[in-house]
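The values are calculated or read from the model by the stated rules, or taken from the named source; none is laboratory data. Quick caveat, the model's predicted, so the values are computed rather than measured. Ideal geometry is used to build each Cβ from the backbone, glycine not excepted, and the neighbour counts take in all protein chains shown. What goes into the accessible areas is simple: the full protein's heavy atoms, side chains included, and nothing from ligands, DNA or RNA. Shrake-Rupley method; radii C 1.70, N 1.55, O 1.52, S 1.80 Å.
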Amino acid sequence: MPHPTDDIIRAMQSPTSEDQKEIQKAYEVAKVAHGTELRRSGEPYITHPHAIALTLAKLGMDRDTIIAGILHDTLEDTQLTAEEIEKQFDATVRFLVEGVTKLSKLKYRGLERHVESLRRLFVATASDVRVIIIKLADRLHNMETIEFVDPVKRNRIALETQEVYVPIAERLGIGVIKSRLEDLAFKILEPEQYKEMTRFLTERGENEKEALDKALNDLKKALAEAGMRNFHTEARIKNAHSFAAKLARKGNDPDKVYDMFAIRLIVPSVSDCYRALGIIHNIWRPLPGRMKDYIANPKPNGYRSLHTTIITPHKVIIEIQIRSEEMQEESKFGIAAHFIYKNQKKAKETGAAAWAKRMIPSLMKVSRKNDGDEVVSGAPGPQWLKELHLVAEHFEEDEAFREALKEDFFAERMFVFTPKGDVIDLPVGATPVDFAYAVHSDIGNSMVAAKANGKIIPLDHPLHNGNIVEILRKKNAKPNKKWLEFVKTSGAKHHIRAATKQK
Ligand code: MN
């Protein structure tokens with residue numbers, strides 16, 4: 001009997017009949033729970049969780065994650081309870097759904113200085129990387145259907161996507177989602193530029209299609225003649241957003257953007273990559289200085305490939321990216337690729353562990369500028385994955401890998417909120433006075449009392465992660481020297497000293 005989840009099952013790596021049964025059950029549970037609820041598009045609500053589960057299956061995620069994707073909005077929007085989810089499925093599914101629900105409560109208020117702490121908060125709250133991957137799939141579908149949202153809200157969602165979700169997808173190396181989200185946000189935030197870039201890329205693509213096809217054929221022939229087997233190729237066009245960013249860096253001269261179009265060559269092994277590079281340089285002239293070995297020196301987010309730019313006898317310039325199957329999976333799925341390998345043969349597992357070891361320390365230095373290909377970076381360096389480096393030396397099994405991603409090194413920091421929902425990042429043990437000075441020195445200097453979650457608390461009372469803190473002020477109030485005895489941040493100390501000296 002056909003079932004609405006058949007496409008999800010087909011997209012999975014190697015589904016068992018048990019997987020199929022459980023996923024069908026999750027779909028029925030979610031469908032009943034959402035009832036007659038509709039999406040803004042007018043479609044039944046279940047189309048949304050269905051789309052998310054399909055994305056997760058395509059990413060190669062495990063059954064629990066797919067089921068949690070189907071149920072991800074039930075706690076927030078329906079009568080279904082966490083206990084019921086655990087009873088019907090298991091504790092993992094419950095944990096994942098609760099994690100996604102928690103993340104949905106975080107709001108972005110567009111304050112530049114808080115963006116990085118919001119990203120960190122996001123990761124800390126998720127506590128399991130699968131929660132973030134579900135949330136990314138959720139955001140992807142919401143962005144794909146954003147035309148039904150009113151314009152003001154649409155802009156806020158697009159901005160949040162660009163500032164928070166794109167960098168997270170990038171840092172996790174999930175290229176397929178990062179690239180889609182980036183263009184969907186670009187389309188909303190810069191509609192004119194988006195249109196212009198898309199038009200330009202489409203026109204160029206049509207003009208150069210013949211040359212690209214010819215190059216592709218010549219390449220295949222040369223590789224086959226050299227005895228290479230089991231390779232495949234794909235053509236890729238830069239997405240509108242990366243093209244716009246690169247164009248700006250190249251003085252708006254599109255002829256200087258050599259990687260507008262690229263050929264990807266996917267071969268079985270690493271040594272095949274270098275062999276293929278030799279063959280390519282033998283048939284076409286490489287442009288000097290354009291050969292990049294990201295296998296020996298991976299990009300900060302773990303990306304590996306060989307890049308070279310060649311010029312054909314007809315004066316067409318094409319970038320060629322050479323990579324192994326494994327590198328191809330990694331570049332598309334990033335951290336999610338780990339779950340794909342896990343489901344495959346034992347031999348692959350060693351490869352996955354090795355990859356994860358490479359991946360995690362490399363996540364530390366994302367802020368470094370790269371050549372701009374596919375990755376447009378500029379965010380401040382992520383402190384938030386720093387300590388994982390230490391853990392990476394030790395872990396081998398999946399369990400340990402997930403433990404490593406639990407982010408318990410956040411023990412040193414906490415996140416509290418202003419009444420408007422802005423995130424303030426403070427050391428553990430910080431007080432309302434630290435909070436007030438972290439928001440603004442004027443607020444610290446005129447404070448008389450504080451509330452946490454609506455209740456008055458003493459000024460020396462330690463705040464807790466997730467508190468909503470409100471500062472009560474009086475016009476002629478002055479800071480008290482005694483505050484120096486309990487404040488934790490140097491910023492607060494500095495301002496209190498300065499203000500009490502003036503007197
Ligand atoms: Mn949702």
Seminar exercise, completed: For helices (runs of 4 or more DSSP H) lying entirely in the stretch 138-227, having 3 or more residues that are in contact with a His (Cβ under 7 Å, 6 or more places away or on another chain) picks out 175-189
Exercise. Going through the stretch 171-184 one residue at a time, which ones are of a type outside the set (Gly, Ala, Ser) and open to solvent by less than 20 Å² (accessible area, probe 1.4 Å)?
Worked result: Arg171, Leu172, Ile174, Ile177, Lys178, Leu181, Glu182
For this session: Identify, from the list Asn217, Asn252, Asn230, Asn207, the residue that is open to solvent by 10 Å² or more (accessible area, probe 1.4 Å) and closer than 25 Å to Gly334 by Cβ.
Result: Asn230
Seminar exercise, completed: Of the residues in the stretch 142-159, those that are more than 14 Å from the ligand (Cβ to nearest atom) and acidic (Asp, Glu) number 2
For this session: Within the stretch 126-133, identify whether any single residue is at pLDDT below 65 and closer than 19 Å to Ala53 by Cα, and answer yes or no.
Result: yes
For this session: Would you be able to say whether some residue in the stretch 53-71 is within 16 Å of the ligand (Cβ to nearest atom), touching a residue at least 24 places away in the same chain (Cβ under 8 Å), open to solvent by 10 Å² or more (accessible area, probe 1.4 Å) and not in a loop (DSSP other than H, G, I, E, B)?
Result: yes
Exercise. Which residue pairs have Cβ atoms under 8 Å apart, sit 6 or more places apart or on different chains, and have a first residue in the stretch 315-342 that is outside the structural domain of Ile177 (by TED's automatic domain parsing) and among the hydroxyl-bearing types (Ser, Thr, Tyr) and a second that is modelled with pLDDT of 85 or more and assigned to a helix (DSSP H, G or I)?
Worked result: Ser324/Val270; Ser324/Asp272; Ser324/Cys273
For this session: Only residues that are part of a helix (DSSP H, G or I) and among the hydroxyl-bearing types (Ser, Thr, Tyr): list them for the stretch 10-41, please.
Result: Ser17, Tyr27
Exercise. Hey, Lys21 hits all of (1) basic (Lys, Arg); (2) under 25 Å from Ile174 (Cβ atoms); (3) over 28 Å from the mean Cα position of the chain (by Cα) but one; which does it fall short on?
Worked result: (2)
For this session: Determine whether the stretch 462-470 contains at least one residue that is farther than 19 Å from Phe415 by Cα and open to solvent by 40 Å² or more (accessible area, probe 1.4 Å).
Result: no
Exercise. Leu80 fails exactly one of the following numbered conditions: (1) within 16 Å of the ligand (Cβ to nearest atom); (2) in a helix (DSSP H, G or I). What is the number of that condition?
Worked result: (2)
For this session: Starting from residues that are among the polar types (S, T, N, Q) and under 22 Å from Leu80 (Cα atoms), keep the ones in the stretch 21-44 and report whichever is least open to solvent (accessible area, probe 1.4 Å).
Result: Gln24
